[in-house]
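Worksheet: one structure, shown below.
The values are calculated or read from the model by the stated rules, or taken from the named source; none is laboratory data. Quick caveat, the model's predicted, so the values are computed rather than measured. Here the Cβ positions follow ideal geometry from the backbone for every residue, glycine too, while neighbour counts run over all protein chains shown.
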Amino acid sequence: MQFLGFLAPIFGFVMEWIYRLIPSYGWTLIIFTLLTKVLMFPLSLKQQKSTARMSAYQPMIQEIQKKWANDKQRQQEELMKFQEETGMSMTAGCWPMILNMLILFGIIQVVYRPLQYILRVPVDLITQAIEVANSSLGMELVASNYTVQNAIINAVKDAPAAFASVFSAEQITAITSFNFSFLGLDLSRVPYVGFNAGMFTADNLSLMVIPILSGVTMILSQMLVTKMSGQEAAQQGQMKVFMWVMSAMFVWIGFTIPVGFSLYYTVSNVLMLGQSIVLKKIYDPDEMKRQVQEEIEAKRAEKKKKKQVKVVAADGAEQVKEVSEAELARIRLARARELDAERYKDE
C-alpha cells in the first residue's frame, strides 16, 4: 500500500505548513481535509454532472439490454449505437473516484509517518531512534510497523535525553512539543480491542468512538450521495451490500491504525454530506433527465430531417434527392462499396 501513497510527501508539506499556523495535529487534519474538498470541488462538480446524466441514460440502457437479452451481439451493437448517439461516457465518473483513493492512501501514509512527513526528520535518524528506543528504553519497535513513528514521538516526549545522540536540540524541541491532543484524545494512539478491562477504560472508549463514527458517517454520506446523484433507483442489492462491507472494513482499519486517520475520514464524510446537497442544487438529476431526453429527441429529429443531396449514379447521371441522415449514410456506404469494387476488380 505504501507505493500508492506517493502523494504523502506533498500532503506532508501542506500539513506541516498548516501545523506551523495552528500547532494542533487534530485541527491540521481537519483544515487539510477542508482544503482538499475545496480544491477538488470542480472535479466533484464534473462527477455530479456525469453521474446525473448516467442516471438519465440508465432506463434507456436497461431497455436495450432487455429488448436484446437473447442476442448479445445485437445488444452490444445497439449499446454502442446509443453511446455514439448520446455521447455517453462509461468512464467519465471514474477519475474523481481514483483521485479520492490516491488522496486516501496519501493521508494514511502521513498519519503513519508524522515524524517523517510533518516534522521533516530524515529516515536514517528515525532508524537510529528506533535502535536507541529498543536498546536504551527496552522498547520492541519494528521499523516496518505503521505505528512506530508515533511511538518514537511519544518516547522522545517521555525521555528526551535518551535521544540526544540522535536528534539535534531543535529536533527534540519540535518532537516534544508536537501536539497530538484533540478534544482530550491522543490521536497517535490505536484504539484497543480485547476482552479485558483495558478495552473499557474511559480513554480507550473515547478513542473507539472515532472509528465507529467514520463508519456511520461513511454509510450516511454514501446514501445521501447516491440519492442526490439520482442513482438510488439504479443501485442494486449487491451494491448496497458492498457499501455496508466497505463501511465495516473502514471501521476495522480504524481499529488497527492511529486514530488520527479515523478523524480525517469522519470529517471528510461529513463534508461530503454537505457537498452532495450543494451539488444537487447545481446539477439536479431530475432536471438532467429532462434535459437529456430533450437532447436525444432533438438529435433523432435532426437525423430524420430531409436534406437535398446530389447523387451520382453509376452511369454518371446526376440526380437531386431529399434524404434523411440515415438514408444519406446508406447511400454513402453503397457508393463507397461501388468505388472499392471498381478499384479492386482485377485483384
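Looking at Lys310, Lys299, Lys305, just one residue is at pLDDT below 70 and either within 30 Å of Met54 (Cα to Cα) or surrounded by 11 or more Cβ atoms within 10 Å (Cβ to Cβ) (or both), and that residue is Lys305. Of Ser181, Ser177, Ser188, all but one fail to be hydroxyl-bearing (Ser, Thr, Tyr), at pLDDT 90 or above and touching a Leu at 6+ places or on another chain (Cβ under 9 Å); the exception is Ser181. When the residues of region 141-173 are filtered to those that are within 12 Å of Leu119 (Cβ to Cβ) and hydrophobic (A, V, I, L, M, F, W, C), the one that is surrounded by the fewest Cβ atoms within 10 Å (Cβ to Cβ) is Ile172. For Asn150, the criteria (1) in contact with a helix residue (DSSP H, G or I) (Cβ under 8 Å, 6 or more places away or on another chain); (2) polar (S, T, N, Q); (3) in the same structural domain as Pro59 (by TED's automatic domain parsing) hold in every case but one, which is (3). For region 181-195, give me each residue that is in a loop (DSSP other than H, G, I, E, B) and among the aliphatic types (A, V, I, L, M). The answer is Leu183, Leu187, Val190, Val193.
When region 97-132 is filtered for residues that are touching a residue at least 24 places away in the same chain (Cβ under 8 Å) and farther than 21 Å from Thr33 by Cα, the ones remaining, listed by number, are Val121, Leu125, Ile126, Gln128, Ala129, Val132. Residue count for region 174-199, restricted to those that are free of Cβ contacts under 8 Å to residues at least 12 places away in the same chain and surrounded by 12 or more Cβ atoms within 10 Å (Cβ to Cβ): 1.
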